Each structure stands twice: as structure tokens, then as C-alpha cells.
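Peer 1: Below is one structure. I have some questions about it.
The values are calculated or read from the model by the stated rules, or taken from the named source; none is laboratory data. What you are looking at is a predicted structure, and each value in this text was computed from that prediction instead of being measured. Glycine gets a Cβ as well: all are built from the backbone with ideal geometry, and neighbour counts include every protein chain shown.
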Amino acid sequence: MSQKVVIERVQVRGAAPYLGMSATPDGQQVPLYSTNPDIVMRWLCDGWRCRYNQLRSRRTRWDRNTQSAVPLGGKPDMRSDRQVRLECSWFAAIPAMVLQSPNRIENTDWWSANKRRKTLKKKHRNPGMTPRFKKRRDDLYFVCWHNKGANANYRQLNRRHGEVVITGQNPGAYRLDGQPCRYSIHIRVRVSQPVRDYTSVGVNWTRRTLVFVNDPLPIRRERTGAMVGLDRGCVHTLATSDNRFLDLPKQRLERIDREIRRRQKAQARRIAMSGETVKQYRRHASRTYERTGREISRLYAKAHRIIDDWQHKTTSMLVREYDLIVLEDLNLQDMSRKAKAKPDPDRPGAYLHNGQSAKRGLNHALRSAGLAGIVEKLEYKTRLTGQNRLILVNPAYTSQTCSKCGHCAKENRESQADFECRQCHARMNADLNAARNILDRGLDHLIGLDEAEHARTESDVPTAYSSRDASALTCGTSTR
């Protein structure tokens, strides 16, 4: 977990950092020094990325042609940090806590990506490409270990501002006469809450943000004995079993979406007027086209921040108010897939109508709602409290089953919002009805767990049990 803050400005104090050797017009190599904050920060980011890629080059991938494992970079770079400093002059003055951080981060990134690929393969999904190198076009980024105060120390300046100080020194062979050898980079940040103990800082110089990597705060709460079932959807983001709707700020998101579409149309007009394809035009795109693309990226990022903020506030509220939270275990990736093409048997090369136009709107709504993020945040927040329990249940027929009499029929749901039971004639909102059914399935699962536990303790023989209605996933307090 982390705390993200905004970088306001950067100052370089003390010695001018040694950035490496530079060639003069007559071909001579001279040492290069600079106190320009932008140049120094780019130097740290480039050094961190280069060291990360050197470590990544040691990884291997499976070559189908030779049926063997081959290095990603062709020739692995086996040099240590010390050797890199000696052989590459522009690495010499990079702080040790910055140069050492790629060792652990690259290892963590590699194995987490491979674990994700294995999981996708088991689910018969496309695992994607083997993890590769960090590219120049990626965000300028570096990490500096805190190491119990060895570097990247934070100092509070006033109520809203503080600074992170990263220190380093120039090597003995490149120190200027009469000047100090040590330098310090003061990164002034704006904070909105006290900075907790952290293990490292991550600086994104492209976006001007700094992240303190630390443990999340536990959520303070008291047992309430309350239980809730949650139905996720596009019209209402969350519908609760106690007759509440929790919705995203859709007016703000729709306004941002309109701005994105307006700028995308402007880009499309420029391409159409050029008479070239998109790929051809982007090779020599105008500055206005590139600027519009950056504006679109900023708008997308703003929408994602709004959704993330709402999800954090809503899930924290749910964890504080309810001891048991039950959700439906939706397969969102399959729900948002494209419709399969239907070839026309009478016309070779032609296709029949498959409803993709209507499906495109549903896919956009599902992705915009960010339904998967709600489960992810509830999972780790229920673990933090140690008092909550989160259960995911099978969503099949929850929207067609009456929560009062249990009658299940497709005709019960007249439309997206209206539900009327054909047997007991109970009328209610379809999402609220589904939320009640979800809670009932969660309670049935808990009863099944208690019975299995009771039978196990009586026989004193370990019993393996599973429930499709609960997807075998329970987070928070242990069931034993």
C-alpha cells in the first residue's frame, strides 16, 4: 500500500552531481555536471531504468524453434552494481539506495507477472506476452530505498508541505577542486495527511508524483452484527439488501466522457483530412494532434481517480457498518468480451448480425463502472479489520428468483429495473431483489460451513468441503 503526494518543486544543493562524460565538438571527452533539477531527475530515472533492464536481461523465455530457454536480451548482463559503476561512468554518482532498488523490484515484477500468466492459462485465457524491458517512452520513474533512514528521508515543513531529501556523492576521480563532494536533492511535496512509516519512495517525474510505500492503516470499527448483500451493476453501481443504492458520480464521469469523445473526433478529423491511414499519420503527427492526445490521457486519468476515490470511500463505509458482506462472483472478463462472429452460410465472406453494436455499449458501461475494483478493495480491507467476513456467491439466477417466495422464472424480470413474481406477485426493484438473494446465498453458505465444521470436530477427521454457491472464497475472520 502507499501514500501518493504531488511534487511541487525540486532543488539540488551542495555539489553539482556528476552525470557522466560528454563529447565536445572536437571529439574530446569531458565530465558533465549539472544542478538543473529537471536534468538531474531525468538522469536518476534513466539510470534506474537502465539498471532494471540489465537485470531483466538475465531472464529467459522459451523459444519454440530451438525448444530451449534463451535470454530475453540475447546476451545477459551479469555485472554487479560495483562493476556497473566502474565501467559506466554515468552510473558512478547515482545514490546506492537508488541503484540497489531495481534488484528486488525486478524480481518481484517478474514472478508476479509469471504467476498471473499461469493463472490465466489455467482459466484457458490469453496469458499475454512474456514480461519485457522498460521502454524509453514509458513514464520517467525511479525508486529509492529508505532503509531505516539511510536515504530518502522525509521532513515536515508545515501543515500542508514537506520534503524528501535524497543524498549522494560524486566519486573521488570526478570531484571538482574546492567544491564539496556530496549533493542532496530536495523534493518538495504537498501532503494532505501525516506520512506514515515507509520503506521506499517511488518518484514519477513524468506525472510529478511521489509515492511513499508503507503498510495500510487498520480500519477502526466495532462489531455491529449487521449483514448485507451487494448487487453490482451498470445502472446502479451497488444495490444493497437493505434497500439502498450506492452510485458513482455519473454526471462528472459523463461530462469527462463527452470531453474525451470531442477530442477524439478532432483527432479523427485531422487524420481524415490528411488522406492517410492512422499508422501513416502518426509517424509525422502534428504538435496539435500530440497535444490533444495528452489531453485525452489526462482526462482518462482524472476519471480513473474519481472512480478509485469513490470505491475507497464506499468500501470503507461498508466495512465499518457491516460484519458480513456478500457479493456475487461475476466473471467480468467474459461478460465484456466481444460477440462471436456469425458467418453467413449463403454468402461466403459475409457475416450475419450478432448484436455486437448493442454489446459494445454494455462493454463500455462495465469497464467504466470499475466493478472489479470494489471486490479487490473489500478483500484487503476485510483482512485488515480481522472482524469482517467477505463471501462471493454464484450469481446464477439471482435476478430471476423471487426473494420472498423463491420462485425462479425468466418472466419474473420484466425489464432492467422492474421485478414482479409470477407466483406471489411481489413487486420491487430488480437490483434490490438480487441483493437480497445474494445475502440469502451467503447465509446458506455460512450454515453449510458451520455444519461441516461441527461434523469435523465430532469425528476428529479433517474434512474437505467446497461450495460453488460461495466460490470457495471467504476473506476476513477465519471460519474455524
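Peer 1: For the stretch 348-388, enumerate the residues that are in a strand (DSSP E or B) and either among the aromatic types (Phe, Trp, Tyr) or under 22 Å from residue 233 (Cα atoms) (or both).
Peer 2: Residue satisfying the conditions is 351 alone.
Peer 1: In the stretch 304-334, which residue that is in contact (Cβ under 8 Å) with a residue 60 or more places away in the chain and among the aliphatic types (A, V, I, L, M) is farthest from residue 388 (Cα to Cα)?
Peer 2: Taking the candidates together, the pick is 307.
Peer 1: Show the residue pairs that are 6+ apart or on different chains and have beta-carbon atoms under 8 Å apart, the first residue being within the stretch 344-367 and on the phi > 0 side of the Ramachandran plot and at pLDDT 80 or above, the second being of a type outside the set (Asp, Glu) and not in a strand (DSSP E or B).
Peer 2: 355/339
Peer 1: State whether one or more residues within the stretch 356-367 are surrounded by 11 or more Cβ atoms within 10 Å (Cβ to Cβ) and touching a strand residue (DSSP E or B) at 6+ places or on another chain (Cβ under 9 Å).
Peer 2: no
Peer 1: State which residue is nearest to residue 305 (Cα to Cα) when the search covers only the stretch 1-55 and only residues that are among the basic types (Lys, Arg) and assigned to a strand (DSSP E or B).
Peer 2: That would be 4.
Peer 1: Now, a different point. Among the residues of the stretch 199-224, what is the count of those that are in contact with a Phe, Trp or Tyr (Cβ under 9 Å, 6 or more places away or on another chain) and farther than 30 Å from residue 104 by Cβ?
Peer 2: Residues meeting the conditions: 1.
Peer 1: Across the stretch 227-250, what is the total count of residues that are touching a Gly at 6+ places or on another chain (Cβ under 8 Å) and part of a strand (DSSP E or B)?
Peer 2: Total meeting the criteria: 4.
Peer 1: Checking the condition in contact with a strand residue (DSSP E or B) (Cβ under 8 Å, 6 or more places away or on another chain), surrounded by fewer than 19 Cβ atoms within 10 Å (Cβ to Cβ) and of a type in the set (Phe, Trp, Tyr), which residue from 62, 43 passes?
Peer 2: From the options 62, 43, the qualifying one is 62.
Peer 1: Any residue that is without any contact (Cβ under 8 Å) to a residue 24 or more places away in the chain and more than 30 Å from residue 110 (Cα to Cα) - is there at least one of those in the stretch 149-157?
Peer 2: Yes, there is a match, as at least one residue in the stretch 149-157 is without any contact (Cβ under 8 Å) to a residue 24 or more places away in the chain and more than 30 Å from residue 110 (Cα to Cα).
Peer 1: What are the pairs with Cβ atoms under 9 angstrom where one residue, in the stretch 277-298, is touching a residue at least 12 places away in the same chain (Cβ under 8 Å) and the other, located anywhere, is among the hydroxyl-bearing types (Ser, Thr, Tyr)? Sequence gap at least six, or different chains.
Peer 2: 289/281
Peer 1: Here's a follow-up. Would you mention how many residues in the stretch 398-414 are touching a residue at least 12 places away in the same chain (Cβ under 8 Å) and out of contact with any helix residue (DSSP H, G or I) (no Cβ under 7 Å at 6 or more places or on another chain)?
Peer 2: Total meeting the criteria: 5.
Peer 1: With the structure loaded, tell me whether residue 253 is assigned to a helix (DSSP H, G or I) and either touching a residue at least 60 places away in the same chain (Cβ under 8 Å) or buried (at least 16 other Cβ atoms within 10 Å of the Cβ) (or both) or whether it fails that test.
Peer 2: Taking the combined requirement at face value, the residue satisfies it.
Peer 1: What helices (runs of 4 or more DSSP H), lying completely within the stretch 258-335, carry at least 1 residues that are more than 28 Å from the chain's Cα centre (by Cα) and surrounded by 11 or more Cβ atoms within 10 Å (Cβ to Cβ)?
Peer 2: So the answer is 278-282, 287-321.
Peer 1: What are the residues in the stretch 403-425 that are within 18 Å of residue 239 (Cα to Cα) and in contact with a Lys or Arg (Cβ under 8 Å, 6 or more places away or on another chain), if any?
Peer 2: Result: 403, 418, 419, 420.
Peer 1: Working only within the stretch 378-397, note down all residues that are crowded, with 23+ Cβ neighbours inside 10 Å and polar (S, T, N, Q).
Peer 2: 382, 388
Peer 1: Right, here's the next one. Among what's in the stretch 44-80 and is of a type in the set (Asp, Glu) and within 18 Å of residue 134 (Cβ to Cβ), pick the residue that is farthest from the chain's Cα centre (by Cα).
Peer 2: 77
Peer 1: Which residue, of 49, 61, 85, is touching a residue at least 60 places away in the same chain (Cβ under 8 Å) and touching a Phe, Trp or Tyr at 6+ places or on another chain (Cβ under 6 Å)?
Peer 2: On inspection, the qualifying residue turns out to be 85.
Peer 1: Which residue, of 424, 408, is touching a Cys at 6+ places or on another chain (Cβ under 8 Å) and surrounded by fewer than 13 Cβ atoms within 10 Å (Cβ to Cβ)?
Peer 2: That would be 424, the only listed residue that is touching a Cys at 6+ places or on another chain (Cβ under 8 Å) and surrounded by fewer than 13 Cβ atoms within 10 Å (Cβ to Cβ).
Peer 1: Another question, if that's okay. Mind listing whichever residues of the stretch 385-397 are without any contact (Cβ under 8 Å) to a residue 60 or more places away in the chain and either over 20 Å from residue 446 (Cβ atoms) or not aliphatic (A, V, I, L, M) (or both)?
Peer 2: The one that is without any contact (Cβ under 8 Å) to a residue 60 or more places away in the chain and either over 20 Å from residue 446 (Cβ atoms) or not aliphatic (A, V, I, L, M) (or both): 397.
Quick grid of which residues meet (1) of a type in the set (Lys, Arg); (2) at pLDDT below 85; (3) within 36 Å of the chain's Cα centre (by Cα):
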residue	(1), (2), (3)
394	no, no, yes
406	no, no, no
423	no, no, no
447	no, yes, yes
463	no, yes, no
468	yes, yes, yes
474	no, yes, yes
